[in-house]
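Written below as structure tokens is the structure these notes are about.
The values are calculated or read from the model by the stated rules, or taken from the named source; none is laboratory data. Computed from a prediction, not measured in an experiment: that's the story for all the values here. Here Cβ is always computed from backbone atoms with ideal geometry, including for glycine, and neighbour counts include all displayed protein chains. Each accessible area value is taken on the protein alone, full model and side chains, heavy atoms only, with ligands, DNA and RNA left out. Shrake-Rupley method; radii C 1.70, N 1.55, O 1.52, S 1.80 Å.
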Amino acid sequence: MTTGSFISALRRFISRRSAPSHIYCDNATNFRGAEAVIKQLLNELKSESLFDDECTSKGITFHFMPPRSPHHGGLHEAAIKSLKYHLRREIGATILTFEELSTVICQVEAILNSRPITPLPEDPNEPAALTPGHFLIGKPLNMLPEVNLTNISPQSLTRWQLCQKLLQHFAARWRKEYIHTLQPKRKWFNPQENLKPGDLVLLAEDHVAPSHWSMGIVEATHPGEDGKCRVATIRTTKGTYQRAIQRLARLPLEGFAPSEFRPGAC
């Protein structure tokens, strides 16, 4: 909550992801202070000729929202709100060391960045989706497999297992929320498009690994007497199954994804 702490966090970010060109944030005083510090640093570097013009010209541009208007940053503010909401309810009063909390947060980051956004057009016969991980490392993010600990009493777990139990509960809650945002429940005044063969869908499966998303391709649909799709046959990497449409979420193919990070949604 201070300029110094934000500068430290920014240095850690740059060490991992390289320097950003633009930073979008609210009007917190620590962000305003960081902007002044960075501008002063760049001016000093230019005056001392420590870097050539090409390097020093790549300064960081801050974009500030109007004061007391978090809805102007709905995209990122809603993402932070979603993370805090579930993290607060899972960790709660549990006391973690800095190393344990840092490890949990890093794994939470991997979970958020593994979410499917839209189908990949590379191979229409394979259930693959574009994720934020593709923009970060060029491929989906993976995590080490762990035994399901959600139903085990915390008293019989080691500290590491307790952290993994918290992470698994977080992943289950956040996954359920994200899948629901891909299944918008609208009034029946306007007809909704049915699932059709070839659609890439997420399967709402229970007890899956935190960063794993069960995906499949619609092979066939089974409409009811009214012509509306009620059940679909899904082909996955593990086999072919029939699932009710309530257990399926189609990934959007074009336009903006109907995610929980809608502009103005915070």
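So here's what we get for this one:
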| quantity | calculated |
| --- | --- |
| Failed item in (1) open to solvent by less than 30 Å² (accessible area, probe 1.4 Å); (2) in contact with a strand residue (DSSP E or B) (Cβ under 7 Å, 6 or more places away or on another chain); (3) hydrophobic (A, V, I, L, M, F, W, C), with VAL108 passing the rest | (2) |
| Count of the stretch 131-173 residues which are surrounded by fewer than 17 Cβ atoms within 10 Å (Cβ to Cβ) and not in a helix (DSSP H, G or I) | 15 |
| SER18 vs. criteria polar (S, T, N, Q), modelled with pLDDT of 80 or more and loosely packed, with under 15 Cβ neighbours inside 10 Å | yes |
| Hits in the stretch 240-262 (condition: modelled with pLDDT of 65 or more and in contact with a helix residue (DSSP H, G or I) (Cβ under 8 Å, 6 or more places away or on another chain)) | ALA249 |
| Subset of the stretch 111-130 [open to solvent by 70 Å² or more (accessible area, probe 1.4 Å) and among the polar types (S, T, N, Q)] | ASN125 |
| Selection within the stretch 84-100 - in a helix (DSSP H, G or I), surrounded by fewer than 16 Cβ atoms within 10 Å (Cβ to Cβ) and of a type in the set (A, V, I, L, M, F, W, C) | PHE98 |
| Residue in the stretch 199-221 that is under 28 Å from PRO145 (Cα atoms) and open to solvent by 90 Å² or more (accessible area, probe 1.4 Å) present | yes |
